[in-house]
Protein chains: 2
Amino acid sequence: MVKRTSHQSADCLIARPLDAIGDWWSLLIVRDAFDGLRRFGEFQKSLGVAKNILSARLRNLVAHGILEIVPAPDGSAHHEYVLTEKGRGLFYVLVALRQWGETYFSGPGEPYTFMVDTRTGRPIRRLEVHAEDGRLLAPGETRLADFRQQPE
Amino acid sequence: MVKRTSHQSADCLIARPLDAIGDWWSLLIVRDAFDGLRRFGEFQKSLGVAKNILSARLRNLVAHGILEIVPAPDGSAHHEYVLTEKGRGLFYVLVALRQWGETYFSGPGEPYTFMVDTRTGRPIRRLEVHAEDGRLLAPGETRLADFRQQPE
DNA sequence: TCCATTCGGTTGCAACTTGAAACCGTTGCG
DNA sequence: CGCAACGGTTTCAAGTTGCAACCGAATGGA
């Protein structure tokens with residue numbers, strides 16, 4: 001997608017995930033996959049993206065092990081795209097993005113939706129970052145550490 | 001950045017944050033801002049991005065209220081870019097991305113870094129999604145609900 | 001004081017990417 | 001069979017990216 005070979009950031013563990021995802025469309029595809037969408041046509045209708053772009057993004061997501069192609073559920077000759085375990089790991093990224101969106105982008109009067117617990121239908125809690133000892137950490141109360149600095 | 005006016009997804013609360021951020025570079029800029037970088041040149045050196053691109057991304061982040069320009073700390077005539085409250089809200093997105101990266105992209109033998117509590121130097125906990133009643137929710141155990149379906 | 005260098009960009013331009021539309025083989029279906 | 005829908009690929013114009021050159025203001029040094 002992007003030529004990341006040239007720009008070796010100190011922190012590849014943000015850049016490489018971003019590179020694997022590919023672009024914004026891909027993340028919206030993953031979101032739709034969480035919503036149960038599986039077929040090329042479903043994604044295309046939901047996102048309104050050009051078919052060649054969708055095709056390329058799906059191929060990239062499969063190549064990076066985020067989606068996988070499963071033969072067919074109903075014996076149809078068409079295949080479907082489903083999230084892998086790795087792909088389901090992006091759940092937390094989507095929750096974080098969505099809560100940020102809820103906080104800063106939900107204008108009044110808009111069709112406001114939010115995430116609820118499927119079982120109870122009640123809203124989920126906000127994400128929190130906790131220290132090992134359980135203390136709540138605010139943005140900025142963390143830093144990056146080399147593994148050698150860590151007691152194991 | 002991207003013409004999102006035409007593709008009205010059912011769930012704007014993922015798409016609009018993505019649109020506000022702009023692109024991958026922008027998220028790396030925000031990450032660097034969390035690491036304490038503030039100056040144009042610092043971002044440029046850290047990311048290795050072309051100056052016109054960096055310039056455009058910084059302008060966009062400021063326009064969306066994620067960064068703000070502050071005059072100068074040391075009386076210098078140059079200004080600096082710092083995270084706003086809204087920008088600091090992206091912390092959870094970065095933590096989620098990074099934990100996903102740690103899980104699936106840290107090859108053995110690589111310079112492995114991870115997030116630690118600044119106070120204790122110990123690793124932070126993994127993000128979790130909790131229901132209102134505190135139950136731990138796995139990926140897929142949530143759905144989107146319209147506010148009208150919600151008891152208040 | 002004067003010159004050189006760094007900082008923080010803008011501009012020009014070639015290469016690449018994106019996206020709308022047309023096309024196309026296969027599948028499902030009456 | 002015939003025909004529409006599915007799941008793409010191809011084409012091509014328009015837009016974006018990124019390298020490199022440039023540039024003015026601020027800083028530093030002799």
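The values are calculated or read from the model by the stated rules, or taken from the named source; none is laboratory data. Just so you know, these numbers come straight off a predicted model, no measurement behind them. All Cβ positions, glycine included, derive from the backbone under ideal geometry; neighbour counts span all protein chains shown.
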* Structure fact -> Out of (1) surrounded by fewer than 20 Cβ atoms within 10 Å (Cβ to Cβ); (2) at pLDDT below 95; (3) closer than 16 Å to B:Trp100 by Cβ, the one A:Lys3 does not meet is (3)
* Asked: For region B:132-145, what are the residues that are within 19 Å of A:Tyr112 (Cα to Cα) and of a type in the set (Gly, Ala, Ser)?
  -> B:Ala145
* Asked: For region B:120-139, how many residues meet the condition of being loosely packed, with under 13 Cβ neighbours inside 10 Å and over 14 Å from A:Thr120 (Cβ atoms)?
  -> 2
* Structure fact -> Selection from region A:56-107 of residues among the aromatic types (Phe, Trp, Tyr) and within 13 Å of chain B (Cβ to nearest Cβ) yields A:Phe91, A:Tyr92, A:Trp100, A:Tyr104, A:Phe105
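Can you tell me which residue in region B:74-116 is surrounded by the fewest Cβ atoms within 10 Å (Cβ to Cβ), limited to those that are within 16 Å of DNA strand C (Cβ to nearest atom) and either within 19 Å of the chain's Cα centre (by Cα) or aliphatic (A, V, I, L, M) (or both)?
Out of the qualifying residues, it is B:Ala77.
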* **Enumeration of residues in region B:40-58 that are surrounded by fewer than 16 Cβ atoms within 10 Å (Cβ to Cβ) and out of contact with any His (no Cβ under 7 Å at 6 or more places or on another chain)** => B:Gly41, B:Lys45, B:Ala50, B:Lys51, B:Asn52, B:Ile53, B:Ser55
* Restrict the check to region B:31-41 and report whether at least one residue is assigned to a helix (DSSP H, G or I) and free of Cβ contacts under 8 Å to residues at least 40 places away in the same chain. => yes
* Within the set of pairs 6 or more residues apart or between chains, which connect a residue that is at the interface with chain B (Cβ under 8 Å from one of its Cβ atoms) inside region A:13-28 to a residue that is of a type in the set (S, T, N, Q) with Cβ atoms less than 7 Å apart? -> A:Leu13/B:Ser106; A:Leu13/B:Thr113; A:Ala15/A:Ser9; A:Leu28/B:Ser9
* Structure fact -> Flagged pairs (Cβ under 6 angstrom, 6 or more apart or on separate chains; first in region A:85-99, over 13 Å from A:Ile124 (Cα atoms); second outside any helix (DSSP H, G or I)) are A:Lys86/A:Gly65; A:Lys86/A:Ile66; A:Gly87/A:Ile66; A:Gly87/A:Leu67; A:Arg88/B:Pro139; A:Phe91/B:Pro139
* For region A:43-66, indicate whether the set of residues that are of a type in the set (Gly, Ala, Ser), closer than 22 Å to B:Asp23 by Cβ and not in a helix (DSSP H, G or I) is non-empty. => yes
